[in-house]
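A.B. asks: What follows is a structure written as structure tokens; I'll ask about it next.
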Amino acid sequence: MSKHAITEAAGITADEVLRIGKLYSSNELRGIQKKLTSASGDLHKLANGWKMGAGFLGSLGDLLSIKQRELLRSAAQLVDSIGHNVTHAKEKRVRSEKETKRRQDARDAQSKQLVARTFPLPTETHEELLETIKAALILNRARQFNTSYNPSEFNVYIRNELKTPARLYGHSVEQHRAGNVRSLRYFMISDLTSHLAYDDGSSVEERLRLMQEKVAEAVGLAALTADERETLRLWQEALLPSAGQGDAS
């Protein structure tokens with residue numbers, strides 16, 4: 001077996017760099033590469049002595065013995081070898097990141113299409129607004145939307161959206177409430193899309209199928225709980241034009 005020169009960092013391969021630096025992005029590896037290049041440059045200046053551009057380090061190098069300068073030159077070559085493999089690792093990480101982004105972009109696009117097809121949730125009529133609220137309540141109970149709230153808390157949150165603010169900025173109470181539902185729809189669609197697009201190794205279609213199963217389980221237990229039905233009733237009354245001037249609670 002041939003021995004590697006002492007100036008060759010044989011143990012620091014690109015694969016080893018990626019293994020121990022698995023949490024490092026290509027930009028972070030690029031930063032390490034630059035530090036190694038800078039360190040190597042300084043060592044070369046000391047080893048080569050004064051010459052144009054070497055500056056103060058070159059002048060200091062002139063004060064060293066030949067053996068010392070040879071030692072610094074070898075150290076510079078070792079750092080160069082390390083830097084070469086870090087550069088190689090960075091390039092591999094760049095390719096990996098590009099592939100990951102390409103795959104994620106494709107999942108994002110597919111998720112948007114599937115959510116638009118499966119959960120269109122129009123919000124033009126009063127009936128459509130109520131269906132959006134119902135969908136949000138069920139999806140939360142199935143733990144597929146706004147899971148920072150448990151179902152009871154989320155139901156209270158939806159009911160509190162009925163409250164009339166101190167200022168309506170030219171809108172009617174009915175318009176304000178309809179706007180709240182449309183905002184709810186926006187965040188629901190965004191949440192569902194992100195959930196489907198998350199790459200856990202399964203396909204977007206598989207994640208949608210699992211989501212639908214969990215929703216079916218939640219509906220199987222109860223289409224709506226008693227508290228949710230009451231929330232929906234309050235919204236139904238509040239969205240009627242005749243109720244627009246009132247303050248549901």
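The values are calculated or read from the model by the stated rules, or taken from the named source; none is laboratory data. Remember, it's a predicted structure, so these values are computed and weren't measured experimentally. For neighbour counting, all protein chains shown are included, and Cβ atoms are generated from backbone atoms with ideal geometry for every residue, glycine included.
A.B. asks: Return yes when Glu8 is of a type in the set (Asp, Glu), outside the structural domain of Thr193 (by TED's automatic domain parsing) and touching a residue at least 12 places away in the same chain (Cβ under 8 Å) and no when it is not.
C.D. replies: Numbers: of a type in the set (Asp, Glu): yes; outside the structural domain of Thr193 (by TED's automatic domain parsing): yes; touching a residue at least 12 places away in the same chain (Cβ under 8 Å): yes.
Taking the combined requirement at face value, the residue satisfies it.
A.B. asks: Output yes when any residue across the range 176-194 is of a type in the set (Val, Ile, Thr), modelled with pLDDT under 95 and over 20 Å from Glu128 (Cα atoms), and no when none is. Reasoning before the result, please.
C.D. replies: Step one: of the range 176-194, the residues of a type in the set (Val, Ile, Thr) are 181, 189, 193.
Those still in the list that are modelled with pLDDT under 95 too: none.
No: zero hits.
A.B. asks: Could you go through the range 165-173 and let me know if any residue there is more than 13 Å from Thr123 (Cβ to Cβ) and in contact (Cβ under 8 Å) with a residue 40 or more places away in the chain.
C.D. replies: Residues of the range 165-173 more than 13 Å from Thr123 (Cβ to Cβ): 165-173.
Still in the list and also in contact (Cβ under 8 Å) with a residue 40 or more places away in the chain: 172-173.
Looking for residues that are more than 13 Å from Thr123 (Cβ to Cβ) and in contact (Cβ under 8 Å) with a residue 40 or more places away in the chain, one finds at least one in the range 165-173, hence yes.
A.B. asks: Could you please tell me which pairs satisfy a Cβ distance under 7 Å, a separation of 6+ or placement on different chains, a first residue in the range 43-65 that is under 20 Å from Val79 (Cβ atoms), and a second residue that is modelled with pLDDT of 90 or more and among the acidic types (Asp, Glu)?
C.D. replies: Hits for this filter: Gly49/Asp62; Leu57/Asp42.
A.B. asks: Of Lys35, Lys22, Lys3, which residue is in the same structural domain as Glu70 (by TED's automatic domain parsing), at pLDDT below 95 and over 14 Å from His88 (Cα atoms)?
C.D. replies: Working: Lys35 fails: at pLDDT below 95; Lys3 fails: in the same structural domain as Glu70 (by TED's automatic domain parsing).
Checking each option against the conditions leaves just Lys22.
A.B. asks: Given the range 4-109, what helices (runs of 4 or more DSSP H) lie entirely inside it while holding 2 or more residues that are surrounded by 12 or more Cβ atoms within 10 Å (Cβ to Cβ) and under 26 Å from the mean Cα position of the chain (by Cα)?
C.D. replies: On the way: elements: 14-20, 26-48, 55-61.
In the range 4-109, 14-20, 26-48 are the helices (runs of 4 or more DSSP H) which contain 2 or more residues that are surrounded by 12 or more Cβ atoms within 10 Å (Cβ to Cβ) and under 26 Å from the mean Cα position of the chain (by Cα).
A.B. asks: Taking the condition in a helix (DSSP H, G or I), surrounded by 13 or more Cβ atoms within 10 Å (Cβ to Cβ) and not hydroxyl-bearing (Ser, Thr, Tyr), does Leu137 pass? Even if it seems obvious, please write down each step before you answer.
C.D. replies: Numbers: in a helix (DSSP H, G or I): yes; surrounded by 13 or more Cβ atoms within 10 Å (Cβ to Cβ): yes; not hydroxyl-bearing (Ser, Thr, Tyr): yes.
Considered against the rule, which asks whether it is in a helix (DSSP H, G or I), surrounded by 13 or more Cβ atoms within 10 Å (Cβ to Cβ) and not hydroxyl-bearing (Ser, Thr, Tyr), Leu137 comes out as yes.
A.B. asks: May I ask you to verify whether Glu16 is out of contact with any strand residue (DSSP E or B) (no Cβ under 7 Å at 6 or more places or on another chain) and under 10 Å from Lys90 (Cβ atoms)?
C.D. replies: Values: out of contact with any strand residue (DSSP E or B) (no Cβ under 7 Å at 6 or more places or on another chain): yes; under 10 Å from Lys90 (Cβ atoms): no.
Considered against the rule, which asks whether it is out of contact with any strand residue (DSSP E or B) (no Cβ under 7 Å at 6 or more places or on another chain) and under 10 Å from Lys90 (Cβ atoms), Glu16 comes out as no.
A.B. asks: Pull out all pairs, ordered by first then second residue, where Cβ-Cβ is under 9 Å, the residues are six or more apart or on different chains, the first lies in the range 109-130 and is in contact (Cβ under 8 Å) with a residue 24 or more places away in the chain, and the second is of a type in the set (Val, Ile, Thr) and in a loop (DSSP other than H, G, I, E, B).
C.D. replies: Leu129/Thr123
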